[in-house]
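Trainee: Handing you this structure, nothing more for now.
The values are calculated or read from the model by the stated rules, or taken from the named source; none is laboratory data. Owing to the predicted nature of the structure, the values given are computational and were not obtained by experimental measurement. Using ideal geometry, Cβ is built from the backbone for each residue, glycine included, and neighbour counts are taken over all protein chains shown. Surface accessibility is based on the protein's heavy atoms, side chains included, excluding ligands, DNA and RNA. Shrake-Rupley method; radii C 1.70, N 1.55, O 1.52, S 1.80 Å.
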There are 2 protein chains.
Amino acid sequence: METTSSGADFRRELGQQLRVDSVRVSSHAGSGHPTSSMSAADLMAVLLDGHLRLDYRHPGEPHNDHLVFSKGHASPLYYAMLRAAGAIAEDEFRTYRAFGSRLEGHPTPRIPPTDVATGSLGQGLPAGVGLALAGKMLDRLPYRVWVLCGDSEMAEGSIWEAFEHAAHYELDNLVAIVDVNRLGQTTETMVAWDVDTYAARARAFGWHAITVDGHDVEAIEAAYADAERTRGKPAVLFAKTKKGKGVAAVEDLPGKHGKPLDDPDEAIAELGGRRNLTVSVAKPDTSVPVQDCPVGRVELPSWDVGDEVATREAYGAALAALGSRGDVVALDGEVSNSTHSDLFAKAHPERYFEMYIAEQQMIAAAVGLQARGWTAFASTFAAFLSRAYDFIRMAAISRADLRLSGSHAGVAIGADGPSQMALEDLAALRAVHGSTVLHPSDANQTAQLVAQMADLPGISYLRTLRGKTPVRTAADESVRIGGSRTVRSSDQDEVTLIACGTTVDEADRAAGLLAREGVFARVLDCYSIKPIDEVAVRQAAAETRVVLTVEDHWPEGGLGDAVLEALATLPVPVHKLAVREMPMSGTPEELLRMAGIDAGAIATAAKTLVAA
Amino acid sequence: METTSSGADFRRELGQQLRVDSVRVSSHAGSGHPTSSMSAADLMAVLLDGHLRLDYRHPGEPHNDHLVFSKGHASPLYYAMLRAAGAIAEDEFRTYRAFGSRLEGHPTPRIPPTDVATGSLGQGLPAGVGLALAGKMLDRLPYRVWVLCGDSEMAEGSIWEAFEHAAHYELDNLVAIVDVNRLGQTTETMVAWDVDTYAARARAFGWHAITVDGHDVEAIEAAYADAERTRGKPAVLFAKTKKGKGVAAVEDLPGKHGKPLDDPDEAIAELGGRRNLTVSVAKPDTSVPVQDCPVGRVELPSWDVGDEVATREAYGAALAALGSRGDVVALDGEVSNSTHSDLFAKAHPERYFEMYIAEQQMIAAAVGLQARGWTAFASTFAAFLSRAYDFIRMAAISRADLRLSGSHAGVAIGADGPSQMALEDLAALRAVHGSTVLHPSDANQTAQLVAQMADLPGISYLRTLRGKTPVRTAADESVRIGGSRTVRSSDQDEVTLIACGTTVDEADRAAGLLAREGVFARVLDCYSIKPIDEVAVRQAAAETRVVLTVEDHWPEGGLGDAVLEALATLPVPVHKLAVREMPMSGTPEELLRMAGIDAGAIATAAKTLVAA
């Protein structure tokens, strides 16, 4: 058959090639999702040949379009596109899912130009919102963000967060392509092939919605052209497709999800055999110059020792100061006057993104922004970061550099009650690959740590306090990730109290009470929980007889466990004070007392330990 | 003014009373959200007087309607309703937010008839879906579920999961009331007062949508009547309201969120002063008899020692067997043929709920179902339980009894790659208040633990494996929560290997390798991670020189930390083997080796430790 690039015949042939390649690479690997790839093959063929503008040889080119496979399990199709575009060779293509290969079971940034890892459904579109926000509001470059979604993932609420935010920010550089093949893993989706219902939903959320036969390359061409013409709002194609399209043994049949075809050779023959078409993917429009990012001088705020300041306020003040660096952006989940990212928003409104009460979209947007090189800080109540935990987990797989701040830690928030108290955040964030977990006890520590987070790789998390704490750390004192601060010590210390955040004050007061009774306690402020200051912790433990950790957090996974790990090979007994009963409303003092982590409880526990 | 129950004047007066009470109780407490309460006061006055059918003196009455405050911060209004209904006295009303009071800052089940805790936005409506599912499909009683939502929380994706699922299950016993006061905590919502846009969204999701002036008691009456007449679909009111309605100093003004009024006395005067109206809330229709729940005999499946079975299959088989108990229900996130809840679905289709790819709604529905007394098991890939972490956190505050099963744990899943690998689940679930965390290594352990979970209070979590493992535990061997299994031991043991799940096999093989070199290792299978078998762990540690933990999980917060805690006061060194580098695709063997948690790595580490 005669096939020329940009003709309907070529596109049909390319679609068949993408199918054949999806079938053969998953069969070669012995696993994967060929049928989910086959349904979207024509959609991707037309995208690749004439709409996508992406220089695959220069994946870092800032003018490039972005393509996110929100249905990451269609990775055979994604890699087949890379092969057709000449970005990878046949040899590498056949390493799909093999140990060491860049072509993992679900795409990750290990294989350029992949911006974000996908595979947890409903995350690619929200990440695409972040990329599109960067293009429209920060980079100000005319690239487009294309996101291929599955129809099963339309059941994820995060998809509708993305729909709402993309329309709110008028992201007409974003195009979602929904592969409506109607069949999920085990059953038909709730909407099945009713693309009009999907379109009505999208329109109600402010999008330009187009329905199309996802196997008609001419109709797809017209739909993309329509999407590209759309101004002032994002566009979405709801494409009616058949799962396993083109192979009778699997086409539109249940029970064919996520496994290689039984007879791949026959399937390939039915699809017309192997092809070796190459697409000249359009190069991006580079006429709009890339703007230099202004690098201003940062003057961090500082406070006098003895001042009473909430660390959440110090976070906001430090972030606002960091904003002199033109690469720093901030996002918040509609609680900026609580987290105090409002101080950044006031100082740098053009680099502040209100993400409303949609924590999943907030994290995904931050991941998208950082993929374009922006230094993103995202904040909400620490308790509500739990809403986006899967997104934070996936951000680590995306190799994202991401800074999180969670305010209102622990029972010390007082009257609002347990729904607003973060008591599991240290555990959850410690268990994120490559993460850094910080919980400063005063304003000067906070400012220094926020500044260091800006240049830190991976996911870093700063836990801040609702209430004021006294500044103990001098503005010129060294504060560092992996460091700690000795609050008090003497040669006679019998017990080491290890605390962080609000419990540093309680531990110091406890040490005062103990001293009056002739018991000397060392107090260590472990503001860096991951990495913990192993040297200081081990030294303090070795110089005293027993260690007592105190944290405003459940007993599992937080400061106490970090200290236990640091002391795992030392024969010093470690005891934990932590929140063990479900808290309620009350004053901070009442709740710290109820939890047994106030000065009195610490002193009592320490005395018992020393006497033992 | 003459006011009679069920008249418009009475309702207007009642609305004013609810406002006055919201103002005075938050002022008395010194915190709270009076303005967010005032916007919904008329809506709740009309609900209380003529539509809600709830015997407040008998909150456990199975025919009662349910009222969920999804906007939990409007707790002053919620408690003012309890006062107006005679459920609490003035004295208790004034304990709002005080230490020890049942009237917490956000409602919890400590104050009946509250079914679920709210305060993390976007969770009340999905929980209401669970209650309505119970009413329609299990209890088969004609109660109605009313959910008051805020408009800010409409930005949460979980709200749209609830919209889709409620329509899919045709829950015409569910009515959502959205208080569209347009003002969030810091700014106007994305939709503001455009109730028609909300209504269009709801209709596109399959609901009967009504727009109404939320301060016109006659219009509200008509809207409720319309909602009550609706058949075959859920109904929603989008009520245009003013935040702080009725008090000029705050009405429809920004910056008035979440704090007591500056001049409560003046506000109360402006609202017409204090009132002491009492509403005779309608009693429920008790004509439909409550059905007895059949209690069938459970015959747990068992396997022969040496059989090769995946623990996820054992989960499904045990759950299907437990289904003979008529109170057991199962939910899954559209991966039932992976988690093997499909075995339950086949055996008991009438008690299986497909929740599609919407993990937040799945957990919320399970919480709603258990609030009605059903024994709910919810399952998905363990990695995707992270999507619902905030819901699991809140379920603990709801005092929910909830059983979770997460399949496909760790790098041992192989080729699918890190997005599908749960490596943080043990940490996350350990850090849930009152939780139980289990990770059996074989099928017989699994079946015994699933059976025990059914009667366990609180949140329990069973982590299962994708691949087959050999059955080591005899069917008649004791397996218990808080227990462990000694896989091998001798008097000469120098090192204790502590493992769970897939690493039990690796540890046992490592011990075999070590024995050939004359190094004797004890192997402990800690299938119960929380609570851990402290006695057995301490005894093994005391009888050997060093402990090595091995887990298919990040190093933080999992088995290793649980063991460290158990041994915190013993002078036995503990070393951890865990997954420290980001995995990729590969075979299970390759990935266990890469992570340094296979038999070879364990043997090497153990030898080094023993030689040290």
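Trainee: Looking at B:Val579, B:Val563 in this structure, which one is of a type in the set (Val, Ile, Thr), at pLDDT 95 or above, farther than 24 Å from B:Ser490 by Cβ and buried (at least 24 other Cβ atoms within 10 Å of the Cβ)?
Mentor: B:Val579
Trainee: State which residue pairs qualify: first residue surrounded by fewer than 14 Cβ atoms within 10 Å (Cβ to Cβ) and inside region A:257-274, second residue part of a helix (DSSP H, G or I) and small (Gly, Ala, Ser) in any location, beta carbons under 9 Å apart, and separation of 6 or more residues or different chains.
Mentor: Qualifying pairs under 9 Å: A:Asp265/A:Ser27.
Trainee: While we're looking at this one, here's another question. Please verify whether region A:463-478 includes one or more residues that are touching a strand residue (DSSP E or B) at 6+ places or on another chain (Cβ under 6 Å) and closer than 21 Å to A:Pro573 by Cα.
Mentor: Checked against the condition, which is being touching a strand residue (DSSP E or B) at 6+ places or on another chain (Cβ under 6 Å) and closer than 21 Å to A:Pro573 by Cα, region A:463-478 yields no hits at all.
Trainee: Restricting the search to region A:346-362, which residues are free of Cβ contacts under 8 Å to residues at least 60 places away in the same chain, buried (at least 24 other Cβ atoms within 10 Å of the Cβ) and not in a loop (DSSP other than H, G, I, E, B)?
Mentor: Answer for region A:346-362, where residues must be free of Cβ contacts under 8 Å to residues at least 60 places away in the same chain, buried (at least 24 other Cβ atoms within 10 Å of the Cβ) and not in a loop (DSSP other than H, G, I, E, B): A:Glu359, A:Met362.
Trainee: Which residue, of A:Ala204, A:Ala166, A:Ala223, A:Ala200, is among the small types (Gly, Ala, Ser) and out of contact with any Lys or Arg (no Cβ under 9 Å at 6 or more places or on another chain)?
Mentor: Going through A:Ala204, A:Ala166, A:Ala223, A:Ala200 in turn, the sole match is A:Ala223.
Trainee: A further question follows. Could you tell me how many of the residues in region B:562-612 are in a helix (DSSP H, G or I), under 30 Å from A:Thr108 (Cβ atoms) and facing chain A (nearest Cβ under 8 Å)?
Mentor: Total satisfying the criteria: 3.
Trainee: Continuing with the same structure: Output the number of the condition that B:Met44 fails; it satisfies all remaining conditions of (1) closer than 16 Å to B:Tyr143 by Cβ; (2) away from chain A (no Cβ under 14 Å); (3) touching a strand residue (DSSP E or B) at 6+ places or on another chain (Cβ under 9 Å).
Mentor: It fails just one condition, (1).
Trainee: In addition: Is it the case that B:Ile210 is touching a Phe, Trp or Tyr at 6+ places or on another chain (Cβ under 9 Å), within 13 Å of chain A (Cβ to nearest Cβ) and β-branched (Val, Ile, Thr)? Reasoning before the result, please.
Mentor: Working: touching a Phe, Trp or Tyr at 6+ places or on another chain (Cβ under 9 Å): yes; within 13 Å of chain A (Cβ to nearest Cβ): no; β-branched (Val, Ile, Thr): yes.
It is false that B:Ile210 is touching a Phe, Trp or Tyr at 6+ places or on another chain (Cβ under 9 Å), within 13 Å of chain A (Cβ to nearest Cβ) and β-branched (Val, Ile, Thr).
Trainee: Another one. So which of A:Ala219, A:Ala199, A:Ala223 is of a type in the set (A, V, I, L, M, F, W, C), touching a residue at least 24 places away in the same chain (Cβ under 8 Å) and either surrounded by 20 or more Cβ atoms within 10 Å (Cβ to Cβ) or assigned to a helix (DSSP H, G or I) (or both)?
Mentor: After ruling out the rest, the residue left standing is A:Ala199.
Trainee: Right, here's the next one. Do any helices (runs of 4 or more DSSP H) lying entirely in region B:419-524 carry at least 1 residues that are away from chain A (no Cβ under 14 Å) and open to solvent by 10 Å² or more (accessible area, probe 1.4 Å), and which ones are they?
Mentor: B:443-453, B:502-516
Trainee: Filter region B:379-418 down to the residues that are of a type in the set (D, E, K, R) and either in contact with an Asp or Glu (Cβ under 9 Å, 6 or more places away or on another chain) or more than 11 Å from chain A (Cβ to nearest Cβ) (or both) and list them by number. Steps first, please.
Mentor: Narrowing region B:379-418 to residues of a type in the set (D, E, K, R): B:387, B:390, B:393, B:399, B:401, B:403, B:416.
Those that are of a type in the set (D, E, K, R) and either in contact with an Asp or Glu (Cβ under 9 Å, 6 or more places away or on another chain) or more than 11 Å from chain A (Cβ to nearest Cβ) (or both): B:Arg387, B:Asp390, B:Arg393, B:Asp401, B:Arg403, B:Asp416.
Trainee: When the residues of region A:326-345 are narrowed to those that are away from chain B (no Cβ under 13 Å) and part of a loop (DSSP other than H, G, I, E, B), which ends up least open to solvent (accessible area, probe 1.4 Å)?
Mentor: A:Gly326
Trainee: Might you let me know whether region B:181-192 holds any residue that is in contact (Cβ under 8 Å) with a residue 60 or more places away in the chain, out of contact with any helix residue (DSSP H, G or I) (no Cβ under 7 Å at 6 or more places or on another chain) and aliphatic (A, V, I, L, M)?
Mentor: yes
Trainee: Applying the selection to region B:137-190, what residues are at the interface with another protein chain (Cβ under 9 Å from one of its Cβ atoms), among the polar types (S, T, N, Q) and outside any helix (DSSP H, G or I)?
Mentor: Passing the criteria: B:Gln185, B:Thr186, B:Thr187, B:Thr189.
Trainee: Answer with yes or no whether A:Ala87 is under 28 Å from the mean Cα position of the chain (by Cα), at the interface with another protein chain (Cβ under 8 Å from one of its Cβ atoms), open to solvent by 20 Å² or more (accessible area, probe 1.4 Å) and in contact (Cβ under 8 Å) with a residue 12 or more places away in the chain.
Mentor: No, not satisfied.
Trainee: OK, next. Answer with yes or no whether B:Lys245 is touching a His at 6+ places or on another chain (Cβ under 7 Å), of a type outside the set (Asp, Glu) and either over 19 Å from B:Pro34 (Cβ atoms) or at pLDDT 95 or above (or both).
Mentor: Considered against the rule, which asks whether it is touching a His at 6+ places or on another chain (Cβ under 7 Å), of a type outside the set (Asp, Glu) and either over 19 Å from B:Pro34 (Cβ atoms) or at pLDDT 95 or above (or both), B:Lys245 comes out as yes.
Trainee: Within region B:52-66, track down each residue that is open to solvent by 10 Å² or more (accessible area, probe 1.4 Å) and not acidic (Asp, Glu).
Mentor: Across region B:52-66, the qualifying residues are B:Arg53, B:Tyr56, B:Arg57, B:His58, B:Pro59, B:Gly60, B:Pro62, B:His63, B:His66.
Trainee: Then there's this: Quick check on region B:529-538: of everything there that is outside any helix (DSSP H, G or I) and within 14 Å of chain A (Cβ to nearest Cβ), which residue is least open to solvent (accessible area, probe 1.4 Å)?
Mentor: B:Ile529
Trainee: Identify the residue in region B:363-415 that is at positive phi and small (Gly, Ala, Ser) and, among all such residues, is surrounded by the fewest Cβ atoms within 10 Å (Cβ to Cβ). Don't jump to the end; show me each part of the working.
Mentor: Going residue by residue through region B:363-415, those that are at positive phi are B:373, B:399, B:408, B:410, B:414.
From the residues that got through so far, the ones that are small (Gly, Ala, Ser) too are B:373, B:410, B:414.
Numbers: B:Gly373: 14, B:Gly410: 32, B:Gly414: 25.
Of everything passing the filter in region B:363-415, B:Gly373 is surrounded by the fewest Cβ atoms within 10 Å (Cβ to Cβ).
Trainee: Could you please let me know if A:Asp342 is within 25 Å of A:Val145 (Cβ to Cβ), of a type in the set (Asp, Glu) and at pLDDT 95 or above?
Mentor: Answer is no for this residue.
Trainee: Within region A:264-299, how many residues turn out to be of a type in the set (Ser, Thr, Tyr) and under 30 Å from A:Ser324 (Cα atoms)? Break it down stepwise before answering.
Mentor: Looking only at region A:264-299, we keep the residues that are of a type in the set (Ser, Thr, Tyr), and these are A:278, A:280, A:286-287.
From what is left, the residues that are under 30 Å from A:Ser324 (Cα atoms) are A:286-287.
Summing the residues that are of a type in the set (Ser, Thr, Tyr) and under 30 Å from A:Ser324 (Cα atoms) in region A:264-299 gives 2.
Trainee: Do the conditions hold for A:Asp213, that is, is it touching a strand residue (DSSP E or B) at 6+ places or on another chain (Cβ under 7 Å) and not basic (Lys, Arg)?
Mentor: So A:Asp213 passes the test.
Trainee: Give the number of residues within region B:539-557 that are surrounded by fewer than 18 Cβ atoms within 10 Å (Cβ to Cβ) and part of a helix (DSSP H, G or I).
Mentor: The qualifying residues number 3.
Trainee: Could you list, ordered by first residue, the pairs with Cβ atoms under 8 Å in which the first is in region A:470-490 and basic (Lys, Arg) and the second is open to solvent by 30 Å² or more (accessible area, probe 1.4 Å) and assigned to a loop (DSSP other than H, G, I, E, B), at least 6 apart or interchain?
Mentor: The qualifying pairs are A:Arg472/A:Val305; A:Arg485/A:Arg472; A:Arg485/A:Glu477.
Trainee: Which ones in region A:90-134 are under 18 Å from A:Leu148 (Cβ atoms), more than 12 Å from chain B (Cβ to nearest Cβ) and open to solvent by less than 40 Å² (accessible area, probe 1.4 Å)?
Mentor: If the condition is that a residue be under 18 Å from A:Leu148 (Cβ atoms), more than 12 Å from chain B (Cβ to nearest Cβ) and open to solvent by less than 40 Å² (accessible area, probe 1.4 Å), then A:Pro113, A:Thr114, A:Asp115, A:Ala127, A:Gly128, A:Val129, A:Gly130, A:Leu131, A:Ala132 are the ones that fit.
Trainee: Considering (1) more than 21 Å from the chain's Cα centre (by Cα); (2) open to solvent by 10 Å² or more (accessible area, probe 1.4 Å), say which one B:Tyr169 fails and leave the rest.
Mentor: All conditions are met except number (1).
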